[in-house]
Structure formats: structure tokens, C-alpha cells
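The values are calculated or read from the model by the stated rules, or taken from the named source; none is laboratory data. Note that this is a predicted model, so its numbers are computed, not measured. Here the Cβ positions follow ideal geometry from the backbone for every residue, glycine too, while neighbour counts run over all protein chains shown.
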Ligand SMILES: NC(=O)C1=CN([C@@H]2O[C@H](COP(=O)(O)OP(=O)(O)OC[C@H]3O[C@@H](n4cnc5c(N)ncnc54)[C@H](O)[C@@H]3O)[C@@H](O)[C@H]2O)C=CC1
Ligand SMILES: N/C(=C\C=C\C(=O)O)C(=O)O
């Protein structure tokens, strides 16, 4: 939808129609400072209209069979896949020259969005229920599950379509209708997906998307009395706010939050594999993935060798404009976020830590038009104390700390000594050790001798301040349905 001056003007998608909004937000391309598109600044009125549409669509959609809903999800996956390149270009550009590389959008973001619909189109066909018998009392007990109703889905800017579809797919597969609110910073691919819904056979009102800011439209959505369920991915402060607003209604909550993820590298690790993988786990998507590594514990006997090779490899990690297919990472999402990340490095310096490469050490090499962009080099910090904010707080940027350890017991205690508990990697050739250490780590996810190999069938999520609940085939199905136990005396 072209708007004023030919700029992209997004519209809310409610009841199967694109609807204009009474006011708009300007979305800026920060590397040029120019307005790139206009995003609806939705509020209570738009949420009310979306609730009305979702309510009206619920009886029809929830009464369809899993097989019928599965076919719709498959068709939507096919249509998204046919639009992969267009979506990838938009996903990369939507963050302007500040964000995701075209290569990552092409190979990770959009393919995973397609897979999310394919995966839940299949998994919805294979759930079983439970049954027990009390023959001595002539009773049979069994469970049934039914969709909850209208699901509020709130997603962040770091993996826009990837995370939005990770919520939409299981929610509608289970028979719910949804009202989604993507991040106001990255709304374009959600809007593009809406153009495919009718062709996929998604009935009007099953998927509704309201664009805008968290405090205005997000809060109107999460506090609406007819929305019994909220799935949120983002920051802990926002999760706290959503929990407060939803508490009076006892809403079901799934909160996927941040991490301060450790990599634990034992002296028998295969460094030829460990180093490139740990560079990727530290700096992929500019370090703006909740699963990224931001603390690296290396056994002392190999610490010097690891550090030398890791810094060399980090310096090879190419920072470039997102449209450059050879770039390994683009720029950060916003000036404010760049300054937030830089502030951690300033604090580290003030604490006497060493910055071995990256910010303030090496020079960025960018085309003149992009030097105003929010770029930052992969940065490695050493000689930093466990109590430092760089070792305790989620930085969410291309920054990782490397520290030595001596014993297995010591490193487990130190790795667990943060408020987060999302993901970890453990590197060792000793199979007994990887099992033993993995079981003792306070993380919802532990990858050993690898990173980000995702098994969507199994629970995904964190413990402690990394969130509440899990997502995955069975976990998302249980979250997006209510269970009932029925007893029959025969
Ligand atoms: N762990 C993770 O997956 C992520 C963590 N973050 C962390 O959060 C920080 C801020 O990033 P943001 O994307 O701004 O995260 P955020 O938590 O502020 O926003 C995430 C989503 O929540 C919405 N939202 C914000 N305030 C809301 C409210 N009061 N009620 C309802 N919805 C609301 C936003 O519009 C967005 O759609 C980052 O610097 C990073 O540290 C950000 C993105 C993902
Ligand atoms: N929740 C996030 C990533 C999830 C990745 C996955 O499901 O594979 C995040 O970065 O916020």
C-alpha cells in the first residue's frame, strides 16, 4: 500500500481486510535518517475491532477438523515459500541498513517461518490424549483438549517473521483465532504475510494483526477481558508489565525472554569445530538472538590458544551492509540499542577489563553512505570479573566475554550464577562429562558440541528470569488448548 510520497503505508489486518488507522508512526531507515514506511499507531479502538473479528471467526475455525486446519497451514507455507526472496529482501530492508543481512534473512528467517507452518500442520495431526480405568468402580477417565479462544501474540524485532509465525502456526492449528502485534520496528513482513492469508484459505478473523507500540496497542491487547491467553517474546521488563496487566484475568502466559548464555569449553574440546561455531553463536544476527553466547568459559590449559584463535576468527566475521550477501552481520536495530551495547564496553574498560578486538580497537570499513548506520564490530572482552555487568546482564549485541576456569564443579557454579537460565553450549569429547555437565546447568536448552540445532518437537524455553513456559510440538499444543478430564461410570 503506497502512502504519502510513495512511502510504504502499512494497514492493520482485521476480519480479513486491510483497514487504515487514524494515526501512524514513522519508521526510519537509520542509515539515511529518512522515513522508510508508516506503521499504524493502533490503540484500543483497533484492538476492539480485532477482538470482534476474532470472536466471530472462532466458532467456525475451532469446529474445523485438525486435518482441515492442517491443509490451510500447508497452503500458507507453500505461499510463503513462493514469496521467499521478496520476504527476505523486506525482512533485511525493514531494519534498514541497521539490521539483518540478506543472507541470514534468506537462509534462516524466512525458511524457518515457512517451516513453522509446515511443522505445526503436521504435529497437529499426531497428538494423543490420556485415559485410565477404574474397573473396580466401573469407571473410565479420559482427557479432551479444546482451543482456548482468542490468543494475543506479541513478538520482537530481532527475528520478526520467524518468531511471529512460531506463535501463529500452533495457535491456529489448535483452532484458536489470533490477534498478533509485531514489533513496531519490524512490521513489514507480517503485513506482507497478511496478503497471502485469503489465498491460503485462512477465513476472515482467524488471523488479525494490529500494528503499533507496546504501551499503546500492546497494553490494550493484553488487558482485554476477552483475550484469555498471551504468548510473548521479548524483554524481561515488558514481560513483567504484561504479567501485571493480565493478572486480574488469570490469563495463560507464555513468556520467552532473554538469556546470558554460557559456552563451556573443556581442554579436550575439538577447537577446529568449537571456535567457528562459538563465533557464530556469539555474533549471529549481530548477537541479537536470545540464544546467543555472551559468556565463554575456557579451561585454563587451553585458554591462551583458544583466545588467540577465537579473536582471529572474530576479526574474520564480516560486518557489512545488509544487502551485501558476503556480510556475516549487519548493524544493530537502532541508535539507542547501539548506545546501550556500547555502554557495556565502556563499563568493562572502566572496570579494568581488556577489549581484545572490535569496538574501540579495530576500524569499521563501510561505504560512505552507511557510516551513519548503527554498525559495530564483533567485540571480545577478557580479564572481566564474574560480578561485572558484562557477565551478568543481557547485552543483546555483538559482545562476548572470555574467561578461564579450572574445574568442572567451579565452572558449573559460575555458569549458573546469573538470573537467566535459557541456553548453554558444552564442548568436550568426553561423553560422560557432557551428559553430567548438561544435567547440572540451569538452562532450558543445552547444546553439546554444536549450537542452534533445533528440534521443534521438544520443549523450547528458559528457566529463572528467562521466561515462563515452553514452546514446541506438544508444549505449544498444550499451551494453546485447555484440557478437560471426563469420567464415565458404566
Ligand atoms: N530475549 C529475546 O528474545 C529478546 C530480548 N530483547 C531484549 O529486550 C530489549 C528491548 O527490545 P524490544 O524489542 O524493545 O523488546 P520489548 O520487550 O520492548 O518488545 C517486544 C515486543 O513487546 C511489545 N511491547 C513493548 N512494551 C509492551 C507493553 N507494555 N505491553 C505489551 N507489549 C509491549 C513491543 O512492541 C514488541 O512487539 C532488547 O534490548 C533486548 O535486550 C529484545 C528482543 C528479543
Ligand atoms: N526467542 C528467540 C529465538 C528463538 C529461536 C528458535 O525458536 O529457534 C529470540 O531470539 O528472541
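Summary of values
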| read-out | value |
| --- | --- |
| Matching strands (runs of 3 or more DSSP E) fully within the stretch 88-206 where at least 2 residues are buried (at least 17 other Cβ atoms within 10 Å of the Cβ) | 150-154, 177-181 |
| The stretch 394-407, residues that are out of contact with any strand residue (DSSP E or B) (no Cβ under 7 Å at 6 or more places or on another chain) and more than 16 Å from ligand 2 (Cβ to nearest atom) | 406, 407 |
| Test: residue in the stretch 211-229 that is surrounded by 24 or more Cβ atoms within 10 Å (Cβ to Cβ), more than 9 Å from ligand 1 (Cβ to nearest atom) and within 18 Å of residue 16 (Cβ to Cβ) | yes |
| Among (1) touching a residue at least 40 places away in the same chain (Cβ under 8 Å); (2) under 30 Å from residue 129 (Cβ atoms); (3) within 16 Å of ligand 2 (Cβ to nearest atom) - the single one residue 444 does not satisfy | (1) |
| Residues (over 17 Å from residue 416 (Cβ atoms), crowded, with 22+ Cβ neighbours inside 10 Å and within 16 Å of ligand 2 (Cβ to nearest atom)) located in the stretch 258-284 | 281, 282, 283, 284 |
| Residues located in the stretch 311-355, provided they are within 23 Å of residue 102 (Cβ to Cβ), within 16 Å of ligand 1 (Cβ to nearest atom) and part of a helix (DSSP H, G or I) | 335, 337, 338, 341 |
| When residues of the stretch 263-310 are limited to those that are assigned to a strand (DSSP E or B) and within 16 Å of ligand 1 (Cβ to nearest atom), the one farthest from residue 427 (Cα to Cα) | 294 |
| Residues located in the stretch 314-329, provided they are at pLDDT 90 or above and either buried (at least 17 other Cβ atoms within 10 Å of the Cβ) or not assigned by the TED database to the domain that holds residue 275 (or both) | 314, 315, 317, 319, 327, 328, 329 |
| Hits in the stretch 223-262 - residues which are within 19 Å of residue 461 (Cβ to Cβ) and in a helix (DSSP H, G or I) | 236, 237, 238, 239, 240, 242, 243, 246 |
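Yes/no matrix, rows are residues, columns are (1) over 22 Å from residue 229 (Cβ atoms); (2) more than 16 Å from ligand 2 (Cβ to nearest atom); (3) surrounded by fewer than 23 Cβ atoms within 10 Å (Cβ to Cβ):
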position	(1), (2), (3)
425	yes, no, no
429	yes, yes, yes
435	yes, yes, yes
440	yes, yes, yes
455	yes, no, yes
459	no, no, yes
468	no, no, yes
488	yes, yes, yes
